[in-house]
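K.L.:
Below is a structure I'd like to ask you about.
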Amino acid sequence: MGPRSTSRSISDDDLVVGFILGPHGIRGEVRVDPRTDVPDRFREGAVLECDDIGPLTVAGIRGEAAKPIVHFAGYESRAAAELLGRRFLRIARSESRRATAGAYLWADLLGARVETPEGTWLGIVRELLRAGENDVLVVADASGRERLFPMLESVVKQVDLAAGRIVAVPQEEAG
C-alpha cells in the first residue's frame, strides 16, 4: 500500500494538471494524461495534490511528454499504484502562476471583458479552445452570440489581468 497523508482541502483556485489513468507495470508506476502546457510539470521532485489521497512527490518519470509514465515516492507496487488510478492531479493556482511567468492561465482569462482598442465592448470570454498551435478565445456578447478570437498578436492586442480586460480586434478588421 502507498502512503496516506492528510490532503489539504481542494480549492476552487486549484488547477487540474493531470489525470492518473492507471497503473503501468509492477513497480508502482502510473500512466498520466497531462492537462497542462507547462513542459516540466511532472519533473522529479514536483509535488502534486491527488484527489482523496493528498500530496504526491514525483520520484521518477519516463516515456513521452504526451503520455508520461510517473513513479510517485512511496508507491512501489502495482497494488499501491492501483489506489491512485482514475484521480485528478492538481496544483494551487499560485504555484501555476510561478511556473508560467510571462504567460496566461486559461482560468485567468475566463470571464474577462473583451473590447476594441477604441473601447467598444465586444463581450465576455466564456471559453477557450486549442486550435492547432493557437489558443482561441470564445467571446459571448449580451445576446449570447459567440465570436472567436485567436490569440494572435494581430487580433489580441493587450491582456490586462488586473483589470479583467482584453483588448482585441475582430478578425475581419485585423488585416
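K.L.:
Test of understanding: what is the full-extension gain from Ala92 to Val47, defined as 0.36 nm times their sequence separation minus their Cα-Cα distance? All intermediate terms of the calculation are to be shown ahead of the outcome.
P.N.:
Details: separation 45, 0.36 × 45 = 16.20 nm, distance 1.07 nm.
Separation in residues times 0.36 nm, less the Cα-Cα distance, equals 15.1 nm.
K.L.:
I would also like to ask the following. What whole-number distance in Å separates the alpha-carbon centres of the range 37-70 and the range 126-175?
P.N.:
Rounded to whole Å, the Cα centres lie 31 Å apart.
K.L.:
Oh, and also: With the full set of protein chains in place, find how many percent of the accessible area of the range 109-175 is carbon and sulfur; take the probe as 1.4 Å. List each step's numbers first, then the result.
P.N.:
Details: 1800 of 3830 Å².
Solvent-exposed carbon and sulfur of the range 109-175 make up 47 percent of the total.
The values are calculated or read from the model by the stated rules, or taken from the named source; none is laboratory data. Since we're looking at a predicted model, the values are computed, not measured. Please note that ligands, DNA and RNA were not included when accessible areas were found on the heavy atoms of the full protein model with its side chains. Shrake-Rupley method; radii C 1.70, N 1.55, O 1.52, S 1.80 Å.
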